[in-house]
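Chemist: So that we are looking at the same thing, I have put the structure below in structure tokens.
Read the figures in this text as sums done on the coordinates, not as results from a lab. Keep in mind that this is a model prediction, so the values were computed, not measured. Glycine also receives a Cβ, built like all others from the backbone with ideal geometry; neighbour counts cover every protein chain displayed.
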Amino acid sequence: MQKKQENTGLVWFRNNLRVNDHTSLKKAAERHKKVLAVYFFDPKLFVKDKFGFTKTAKFRTKFLIETVTALQKNLLDLNITLLTHFESPENKIHTLCDAFSIDTIYTQKEWTKEEVATNTFIKNTLPENVAFVEDYDQFLYHPESVSKDFANIPNVFTVFRKKLEKTVQIEKEVAILKLPKENLTQHHTAIPTLKDFGISDFEIPKKAAFPFSGGENAALERLHNYFFETKKVGFYKKTRNGLLGTEYSTKFSPWLANGSLSAKTIYWKIKEYEAEYGANQSTYWVIFELIWRDYFKYISLKHNAAIFKIGGILAKNYDWNADEELIQQWINGETKDDFVNANMIELKETGWMSNRGRQNVASYFAKELLLDWRIGAAYFESVLIDYDVHSNYGNWMYVAGVGNDPRDRKFNTKLQAARYDANHKFRKLWLEKTLF
């Protein structure tokens, strides 16, 4: 057994805000006599982007505060202290290393440009004796098991999925044991409030399809409820294109997006459910969606910054425009299309939209209005509770015809509305004004 190091191991939490199935946490606990954790509310993520949208607006900010509050409590139960700073990590980490005798920083491996730039800056400010250990901790299929060269990732999802399902095993979850009470550290940091971000407190409307709180506990509660109490997972494939209520889909994506729930945890819970109640197309389809999520991460690993460029990974030339009036009409749900409008109002008022809705409004934005798809993607980044950089830009490229859709299809929003909202219930819910 490896002898534990005397100095402190620092776990820098990013989009892996959980204590279960957490590689960095496990490594730090195994290798160090003292473990400390930190989370940064990085001011860069709360400013306006080049299109004028606040990068992290009120819905995701509230969800994040709830998530970090739950994380701090769950870490405390393991006798690990979580420091929280409303500051850029590159400005603070080196001072933490000095203050707490840290010799190793453990964190989730990132590869998109902003995160890599932050890492590079941090590494340049650290003393030479401080190690920087990164681990991929956001996948279902671990990258080291998938490819030695991400340039080989197929550009068609079906090819990718079939190869993985045949040849790659999904790893077991990792667990961490409770540390001694002596591991706790005195500190004077505090989790910021909405007010600190200049946001007034608000309530999510009761009619919202995602009324849940942020944090690992809420995620695990939803997982248990959806699988073992309502057993809705057994009908997922039939209901997943729904628009109304909490039960038409798993609703796991916001917790997956900030890492308060791991894809592996969902996978092994499905296997547990299947062992007890049997497997069917629906239980498989949840796994299928997790593989799609992985796929967009691998496309990002393969193509790097191309996922943020107007021509996408295909470097296509389209005649895009940036008509501010049309963009604002789309955002406010004031277009000529009532199905698009209902979905956009739901998003504006709740920070949530169904998968079916997202495909339609994105297709309408890019293929009907011919607007620069990156503007739509930036608005989603700002407002969606479940914003995930790889899935968001991967899906927008796909719908805009500059990504992984070999058919370059355009959604007929009228036919889609007739098929998925035949009784007009969804449109009535969001388009009709009520006094109460």
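Chemist: What do you get for trypsin sites (Lys or Arg not before Pro) in segment 66-169 restricted to DSSP loop and a cutoff of at most 10 other Cβ within 10 Å of the site's Cβ?
Modeler: Lys148
Chemist: Tell me, what is the Rg over Rh of segment 7-137, with Rh the Kirkwood radius over Cα pairs?
Modeler: 0.96
Chemist: How long are the semi-axes of the ellipsoid equivalent to segment 80-205, from square roots of 5 times the Cα gyration tensor eigenvalues, in whole Å, largest first?
Modeler: Equivalent ellipsoid semi-axes, largest first: 34, 22, 19 Å.
Chemist: Lys and Arg at +1, Asp and Glu at -1: add these up for the other residues within a Cβ distance under 15 Å of Phe308 and post the number.
Modeler: +1
Chemist: Separate question: For Gln5, enumerate residues with amide H under 5 Å from its amide H, sequence gap 5+ or separate chain, H modeled in the peptide plane.
Modeler: HN-HN under 5 Å from Gln5: His32, Lys33.
Chemist: Check which residues have an amide H placed less than 5 Å from Asp49's amide H, if you skip close sequence neighbours.
Modeler: Correct list: Thr54, Lys55.
Chemist: If the limit is 32 Å between Cα atoms, which of Lys123/Lys269; Lys237/Lys302; Lys195/Lys302 go over it?
Modeler: On the way: Lys123/Lys269 38 Å; Lys237/Lys302 30 Å; Lys195/Lys302 40 Å.
Too far apart for the 32 Å limit: Lys123/Lys269; Lys195/Lys302.
Chemist: What's the longest piece of the chain with no exposed GluC sites (Glu not before Pro), counting a site as exposed if DSSP puts it in a loop and it has at most 10 other beta carbons within 10 Å?
Modeler: With GluC sites (Glu not before Pro) excluded where exposed in loops, the chain gives 204-431 as its longest stretch.
Chemist: Using +1 at the Cβ of each Lys and Arg and -1 at the Cβ of each Asp and Glu in segment 382-436, identify which of Trp396, Ile385, Ala417 lies farthest towards the dipole's positive end.
Modeler: Ala417
Chemist: Roughly speaking, what is the stretch gain from Lys33 to Leu76, that is 0.36 nm per residue apart minus the C-alpha to C-alpha distance, in nm to one decimal?
Modeler: Length gained, Lys33 through Leu76: 13.8 nm.
Chemist: I would also like to ask the following. Below 13 angstrom from the Cβ of Pro143, what's the summed charge of the other residues (Lys, Arg +1; Asp, Glu -1)?
Modeler: Net charge around Pro143: -4.
Chemist: Please list log₁₀ I(q)/I(0) at q = 0.14, 0.15 Å⁻¹ for segment 306-431, using the Debye equation with identical point scatterers on the alpha-carbon positions.
Modeler: Computed log10 I(q)/I(0) values: -0.55, -0.64.
Chemist: First measure r as the distance between the Cβ atoms of Thr239 and Thr120, then evaluate 1/(1 + (r/R0)^6) with R0 = 41 Å and state the FRET efficiency to the nearest 0.05.
Modeler: 0.35
Chemist: For segment 306-431, with only Lys/Arg (+1) and Asp/Glu (-1) charged at the beta-carbon, what is the dipole magnitude about the Cα centre, in debye rounded to 20?
Modeler: For this selection, approximately 540 debye.
Chemist: Shifting gears a bit: Evaluate the distance, in nm, between pseudo-label points positioned 7 Å from the Cα of Asp149 and of Glu203 along their respective Cα→Cβ axes.
Modeler: Between Asp149 and Glu203, the simple spin-label model gives 5.9 nm.
Chemist: Note down the net charge around Glu115, summing +1 for each Lys or Arg and -1 for each Asp or Glu among other residues with Cβ under 15 Å from its Cβ.
Modeler: -2
Chemist: Going down the table (Lys73/Lys251; Lys73/Lys162; Lys50/Lys109; Lys113/Lys271; Lys27/Lys271; Lys178/Lys206), which pairs top 32 Å between alpha carbons?
Modeler: Lys73/Lys162; Lys113/Lys271; Lys178/Lys206
Chemist: Run the dipole for the chain about the Cα centre, Lys and Arg Cβ at +1, Asp and Glu Cβ at -1, nothing else charged, and hand back the magnitude in debye, nearest 20. Write out the running numbers ahead of the final one.
Modeler: On the way: 62 positive and 54 negative charges, 216 e Å.
The calculation lands at about 1040 debye.
Chemist: Could you give me the ³J(HN,Hα) list for segment 118-129, computed from phi with Karplus coefficients 6.51, -1.76, 1.60 and θ = phi - 60°, whole Hz, x at Gly and Pro?
Modeler: Once rounded to whole Hz, the list reads 4, 4, 4, 4, 4, 4, 6, 9, 7, x, 4, 7.
Chemist: Could you compute Rg(Cα) / (2.2 N^0.38 Å) for the chain, with N its residue count? Spell out each step's value before the answer.
Modeler: Numbers: Rg = 22.0 Å, N = 436, 2.2 N^0.38 = 22.2 Å.
The chain yields a ratio of 0.99.
Chemist: A further question follows. Calculate the length of the line joining the C-alpha centroid of segment 156-206 to that of segment 367-385, in whole Å.
Modeler: 25
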